[in-house]
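Structure, as structure tokens:
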Amino acid sequence: MFALPGILWLLALFVVPFYVILSIAFGQLDPLFLQPIPIYNPIGWDTDAMISTVVDFTTPGSIYRASLVRTFSYVGTATVLCLLISYPVAYFVARHAGKARNVFLVVLVAPFWISYMMRMLAWINILRPEGYLNDVLRAMGILDQPALWLAGKPITVILGLTYGYIPFMILPLFAGLARIPIATLEASRDLGAGQIETFRRVTLPLSRHAVLAGIIIVTLPMFGDYYTQTLLARTRDTSMIGNLIVSSMQSSLVQTGASLVLLLMLLLLAPMYYYLRTARSEFSK
């Protein structure tokens, strides 16, 4: 009974809309108006649109294949950057912030109070030709003339993803590092291990679950992200899967967009299953 409100909420806002996507992806297409005709009876589902989308994904040189490879490269690079930046920050706050820990946590949570789109719009002002970044780089003598960061550069999309999702990486890392008992670290020191050896053999293994949680929390929304590329690049050569889904839904290719949603979900099931399996084994110890 306690779980009933959550179950009803999940049914109304996830299960039912997801079944509608299935009905559209495996439905039919009106030949005259090119509008999708959802089929809610699974017996009448047609797999032609899904098979066609899968073939496009596996065909070299197709826009779907290029966007898939581009999405994995952008998300992978941005996730690594988030981890490399977040781990030292979370480690400092968890172990060395002292009485100022709450202040640091407020600063880290503050970006959640501002919408993602507003933060990306701020990046546009920073990266434009007459923006602060070009001014600083020119003052340091690194650039002779303003760089066109907003002219469809992959590095701009990657940095935008890193900036937008890095708070989601810091918080689970901080929670995992803060739970490591200080007595365990002191025992490692008593056994003759130095700071580096203690970090490598004690802190890092004990924070593995937090690292996996941060990667999953950051990676999943990145795969469906389309705002970042739309606002910071706006070129076909930097489009991601999320951009293809949005453009399909805004055109007559709604059935293709629904198929892309299902394929993206299937691709993300593997890391989700690995994380849940790892978490289950971790908590069962």
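Readers should treat all values here as calculations from the given coordinates under stated rules, not as data from a laboratory. Bear in mind the structure is a predicted one, so any value in this text is a computation, not a measurement. So basically every Cβ, Gly included, is an ideal-geometry build from the backbone, and we count neighbours across all protein chains shown.
Quick one: length gained pulling VAL69 to LEU105 fully straight, 0.36 nm per residue minus the C-alpha distance? Intermediate results must be reported in sequence, preceding the final value.
Working: separation 36, 0.36 × 36 = 12.96 nm, distance 3.57 nm.
Extra length available between VAL69 and LEU105 comes to 9.4 nm.
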With 10 Å bins from 0: P(r) over the stretch 188-233, alpha-carbon pairs, percent: 23, 26, 21, 17, 10, 2
In whole Å and largest first, what semi-axes does the C-alpha gyration tensor of the stretch 142-210 yield when each eigenvalue is scaled by 5 and square-rooted? 40, 16, 8
Computed over the chain, the relative contact order (Cα-Cα under 8 Å, seq sep at least six) in percent reads 24 percent
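When only Cα pairs under 8 Å and 6 or more residues apart are kept, what is the percent relative contact order across the stretch 95-241?
On the way: 121 pairs, mean separation 42.8, N = 147.
Value for the stretch 95-241: 29 percent.
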Of PRO172, GLY6, PHE92, farthest towards positive along the dipole that unit charges on Lys, Arg, Asp, Glu beta carbons give the chain: PHE92
Taking only the alpha carbons of the stretch 1-77, what extent do you get along each of the three principal axes, in Å, biggest first? 52, 43, 22
To the nearest 10 degrees, how steep is helix 48-58 against the longest Cα principal axis of the chain, on a 0 to 90 scale? 50 degrees
Report, in degrees rounded to the nearest 10, the 0 to 90 angle that the Cα long axis of helix 116-127 makes with the longest principal axis of the chain. 70 degrees
What is the Cα centroid distance between the stretch 215-264 and the stretch 190-211, reported in whole angstrom? 39 Å
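If you count, for each residue, the other Cβ atoms within 10 Å and average over each peptide, how do 148-154, 166-172 line up from highest to lowest?
Result, highest mean Cβ count within 10 Å first: 166-172, 148-154.
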For the chain, find the longest principal axis of its Cα atoms and tell me its angle to the long axis of helix 154-178, 0 to 90°, nearest 10. 50 degrees
Hydrodynamic radius by Kirkwood, which averages 1/r over all alpha carbon pairs of the chain, in angstrom: 22.1 Å
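Suppose R0 equals 25 Å. What FRET efficiency, 1/(1 + (r/R0)^6) with r the Cβ-Cβ distance, do TRP9 and ILE217 give to the nearest 0.05?
Working: r = 21 Å, r/R0 = 0.83.
The computed FRET efficiency comes out at 0.75.
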Would you mind pulling out the separation of the Cα centroids of the stretch 93-117 and the stretch 32-68, in Å? 44 Å
Where the only charges are on Cβ atoms (+1 Lys, Arg; -1 Asp, Glu), what is the dipole of the stretch 48-283 about its Cα centre, to the nearest 20 debye? 440 debye
Just for the Cα atoms in the stretch 119-261, what are the lengths along the principal axes, largest first, rounded to whole Å? 64, 50, 21
